[in-house]
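*Asks:* First the structure, then my questions, so here it is.
The values are calculated or read from the model by the stated rules, or taken from the named source; none is laboratory data. Because the structure is predicted, anything quoted here is derived from the model rather than measured. Virtual Cβ from ideal backbone geometry, glycine too; neighbours counted across all protein chains shown. Keep in mind that these areas ignore ligands, DNA and RNA; they rest on the heavy atoms of the full protein, side chains included. Shrake-Rupley method; radii C 1.70, N 1.55, O 1.52, S 1.80 Å.
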Amino acid sequence: MESSNRRRDFLRASAVVGAGLILNGCRGGSQTSSPQQTRKEPANENENQMGGEVTATEDLMREHGVLRRALLVYSAAAVKLRGDVGRVFAGESLAPDALQKTAKLFRAFGEEYHEKKLEEAYIFPAVKKAGGEAAGYPDVLVAQHNRGREITDYIISVTQNAKLGAANGEQLAKALEAFVLMYRNHAAREDTIIFPAWKQTMTDKQLDEMGDKFEDIEKEQFGEDGFEDAVKQISAIETSLGLADIAQFTAPPPPKA
């Protein structure tokens, strides 16, 4: 009997100790799991940032926007020149410094940076290597870059003079019109064929890295605000020529059918 009682007492004590261990284990488990249940993932630093980052292809196309605005200046200048042939190329007609500033902006931002440092260095070689329909364009586009530089040289040279005769005025107007026609077709093909084809040669990560590289090149070339500064320059030129208010370019209603 005494042996049986001792064994029952031992079993009771074991049961109590075991229950206590299980209870403590449960409590400990809930304490260690609680931080995991309440912990939140750190917020993405950029998830609340307005606008987000500029992608490489977006960067290229907004640069085209600056260059297209320069083309609009050239188009307006050509029309004005044809009306001013034989007259003084001065303040009452078309200021030569406005055209020269436009040409120098196109030279620095378009030819020396956008074309040479980005398109000819990175985009065209990748598109040619990838093959396909787009691969046939880069050689023609480079030839047009080179011709554009010749015309820019001419515009800068001829607008250094305070006066234009009938011959020079007409020649400059023709050069401006030819330049505009070439670059309108040129930029349209790049936006719709070349840039999409180039984008397809890269993963999302590689495209992000290329965007960072383009930003570094821009800062090296112009400082912190290359694009913003180019926009300010073309805006000032438009203002000086009376082209800043886009309402004036709203098309009139069509004739009645």
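*Asks:* Let me spell it out: the conditions are (1) over 27 Å from the mean Cα position of the chain (by Cα); (2) open to solvent by 70 Å² or more (accessible area, probe 1.4 Å); (3) not hydroxyl-bearing (Ser, Thr, Tyr), and Ala175 meets all of them except one. Which number is the exception?
*Replies:* (2)
*Asks:* Glu224 is checked against (1) surrounded by fewer than 16 Cβ atoms within 10 Å (Cβ to Cβ); (2) within 25 Å of Leu141 (Cα to Cα) and fails just one. What number does that condition carry?
*Replies:* Among (1) surrounded by fewer than 16 Cβ atoms within 10 Å (Cβ to Cβ); (2) within 25 Å of Leu141 (Cα to Cα), the lone unmet condition for Glu224 is (2).
*Asks:* What's the total number of residues in segment 238-255 that are free of Cβ contacts under 8 Å to residues at least 60 places away in the same chain and outside any loop (DSSP other than H, G, I, E, B)?
*Replies:* Number satisfying all stated conditions: 5.
Residue by residue, here is whether (1) modelled with pLDDT of 95 or more; (2) in a helix (DSSP H, G or I); (3) open to solvent by 20 Å² or more (accessible area, probe 1.4 Å) holds:
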residue: Arg87; (1), (2), (3): no, no, yes
residue: Asp97; (1), (2), (3): no, yes, yes
residue: Ala135; (1), (2), (3): yes, yes, yes
residue: Ala143; (1), (2), (3): yes, yes, yes
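*Asks:* With respect to Glu190, is the statement that it is modelled with pLDDT of 95 or more and open to solvent by less than 70 Å² (accessible area, probe 1.4 Å) true?
*Replies:* So Glu190 passes the test.
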